[in-house]
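*Asks:* One structure, as structure tokens, below. Some questions next.
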Amino acid sequence: MAATARMLLFSGRPDPEWPVPDDHVTRLGDIWATLTPIAPRSAPPPKLGYRGVELQVEDGASYLAVAGHVTKSQAGARETRADAGRVFERALIGSAPPGTVPPGAAGLDPT
């Protein structure tokens, strides 16, 4: 299933964007399934600097991972889950080809 990731990082220039391989999309879906549902975040992400990383999947689902939360949006529905270890966020950033994402841009190392 085709998917694209984008790190929300810059103001005034294009954000880093990359295709996510199918096997990685499957892995991210498996991680999502392990996360605990929580109430949506009430505070918006900062306007400057790293604001998260998003995944757009061809089935219409999109995920936004930032600061220990992942929100999935699909067909008008939204669900937020806790990502305390930032496992989903790290895995998505880790799918970027070398040189795509500036080192330390998200304040964490992808694993």
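The values are calculated or read from the model by the stated rules, or taken from the named source; none is laboratory data. Because the structure is predicted, anything quoted here is derived from the model rather than measured. Here the Cβ is made from the backbone with ideal geometry for all residues, glycine too, and neighbour counts use every protein chain on show. Only protein heavy atoms, including side chains, enter the accessible area calculation; ligands, DNA and RNA are left aside. Shrake-Rupley method; radii C 1.70, N 1.55, O 1.52, S 1.80 Å.
*Asks:* Quick check on Thr4: is it modelled with pLDDT of 90 or more and under 16 Å from Leu92 (Cβ atoms)?
*Replies:* For Thr4, the condition - modelled with pLDDT of 90 or more and under 16 Å from Leu92 (Cβ atoms) - is met.
*Asks:* I'd like to check something: does the stretch 48-55 contain any residue that is open to solvent by 30 Å² or more (accessible area, probe 1.4 Å), at pLDDT 90 or above and either more than 21 Å from Ala105 (Cβ to Cβ) or touching an Asp or Glu at 6+ places or on another chain (Cβ under 7 Å) (or both)?
*Replies:* Looking through the stretch 48-55, none of the residues is open to solvent by 30 Å² or more (accessible area, probe 1.4 Å), at pLDDT 90 or above and either more than 21 Å from Ala105 (Cβ to Cβ) or touching an Asp or Glu at 6+ places or on another chain (Cβ under 7 Å) (or both).
*Asks:* Given Ala65, Ala105, Ala96, Ala84, which one is touching a Lys or Arg at 6+ places or on another chain (Cβ under 9 Å) and either within 19 Å of Asp15 (Cβ to Cβ) or open to solvent by 60 Å² or more (accessible area, probe 1.4 Å) (or both)?
*Replies:* From the options Ala65, Ala105, Ala96, Ala84, the qualifying one is Ala65.
*Asks:* Of all the residues that make up the stretch 85-111, how many are touching a Leu at 6+ places or on another chain (Cβ under 9 Å) and on the phi < 0 side of the Ramachandran plot?
*Replies:* 13
*Asks:* Let me ask another. Are any residues in the stretch 1-34 in contact (Cβ under 8 Å) with a residue 24 or more places away in the chain, surrounded by fewer than 15 Cβ atoms within 10 Å (Cβ to Cβ) and small (Gly, Ala, Ser), and if so, which ones?
*Replies:* If the condition is that a residue be in contact (Cβ under 8 Å) with a residue 24 or more places away in the chain, surrounded by fewer than 15 Cβ atoms within 10 Å (Cβ to Cβ) and small (Gly, Ala, Ser), then Ala2, Ser11 are the ones that fit.
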